[in-house]
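Visitor: Pasting a structure here, questions to come.
The values are calculated or read from the model by the stated rules, or taken from the named source; none is laboratory data. Quick caveat: nothing in here was measured; it's all calculated off a predicted structure. Here the Cβ positions follow ideal geometry from the backbone for every residue, glycine too, while neighbour counts run over all protein chains shown. When the accessible area is computed, the model is the full protein with side chains, heavy atoms only, and any ligands, DNA or RNA have been set aside. Shrake-Rupley method; radii C 1.70, N 1.55, O 1.52, S 1.80 Å.
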Amino acid sequence: MNNLLFDFTVDKANKTVFVNREFAADLSLVWDAFTTQEILDQWWAPKPWGSKTKVMDFEVGGRRFYAMVSPEGDEHWSLQQYTSISPKTNFKYLNSFADKDENPELPGSNWDLTFSEEDGKTKVSIIIKNDSLERMEKMIEMGFQGGFTMTLNYLDELLATLSKK
């Protein structure tokens with residue numbers, strides 16, 4: 001491993017998941033990877049699944065409506081509603097599973113992503129607060145930890161190719 005920080009902690013008592021990950025890329029590139037539809041769709045799903053965004057308005061009050069698509073074409077839709085954006089440092093959104101017509105399946109979870117850069121590495125700290133323990137357990141059962149770990153690893157590989165451009 002390239003000595004980059006990565007930890008994933010589940011705090012059931014507080015219905016919260018904490019993810020900290022460092023990337024060997026500059027902050028603006030990592031920020032763009034999390035906030036630009038064209039880049040998100042290249043990494044925001046564990047392989048062999050893909051990500052396809054139908055709508056993305058990265059602004060407070062805006063949303064991203066997207067599906068993770070299996071090789072067989074099964075679609076699992078989600079809705080992210082942006083509640084706060086501080087460019088290059090933090091953004092927050094309410095995340096919920098949804099149907100293909102954009103009807104959210106509540107309860108959801110609140111995601112808080114903080115970005116910082118030091119010594120050429122960008123750290124992303126993600127706090128995911130779930131509205132219910134049941135939802136958090138469903139997320140974990142669906143393989144969130146392994147899938148999200150895999151997904152962040154793809155992002156790491158993608159950033160290496162993007163930073164060369």
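Condition check ((1) exposed (fewer than 15 other Cβ atoms within 10 Å of the Cβ); (2) in a helix (DSSP H, G or I); (3) not acidic (D, E)) across all residues:
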| residue | (1), (2), (3) |
| --- | --- |
| S28 | yes, yes, yes |
| D32 | no, yes, no |
| E38 | yes, yes, no |
| Q42 | no, yes, yes |
| A45 | no, no, yes |
| F58 | no, no, yes |
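Visitor: Among the residues of the stretch 85-133, how many are more than 17 Å from the chain's Cα centre (by Cα), of a type outside the set (D, E, K, R) and outside any strand (DSSP E or B)?
Guide: 4
Visitor: Shifting gears a bit: Would you pick out the residues in the stretch 61-93 that are hydrophobic (A, V, I, L, M, F, W, C) and either open to solvent by less than 10 Å² (accessible area, probe 1.4 Å) or in contact with a Leu (Cβ under 8 Å, 6 or more places away or on another chain) (or both)?
Guide: Pass one, the stretch 61-93, residues hydrophobic (A, V, I, L, M, F, W, C): 65, 67-69, 77, 79, 85, 91.
Within the stretch 61-93, F65, A67, L79, F91 qualify.
Visitor: Do we have F144 as within 20 Å of R21 (Cβ to Cβ) and open to solvent by less than 10 Å² (accessible area, probe 1.4 Å) here?
Guide: In short, no.
Visitor: Considering only the stretch 1-26, state which residues are surrounded by fewer than 13 Cβ atoms within 10 Å (Cβ to Cβ), of a type in the set (S, T, N, Q) and in a strand (DSSP E or B).
Guide: T9
Visitor: Residue pairs, Cβ under 7 Å, 6 or more apart or interchain, first in the stretch 145-165 and within 15 Å of D32 (Cβ to Cβ), second modelled with pLDDT of 95 or more and open to solvent by 40 Å² or more (accessible area, probe 1.4 Å). List them.
Guide: Within 7 Å, the pairs are L158/Q42.
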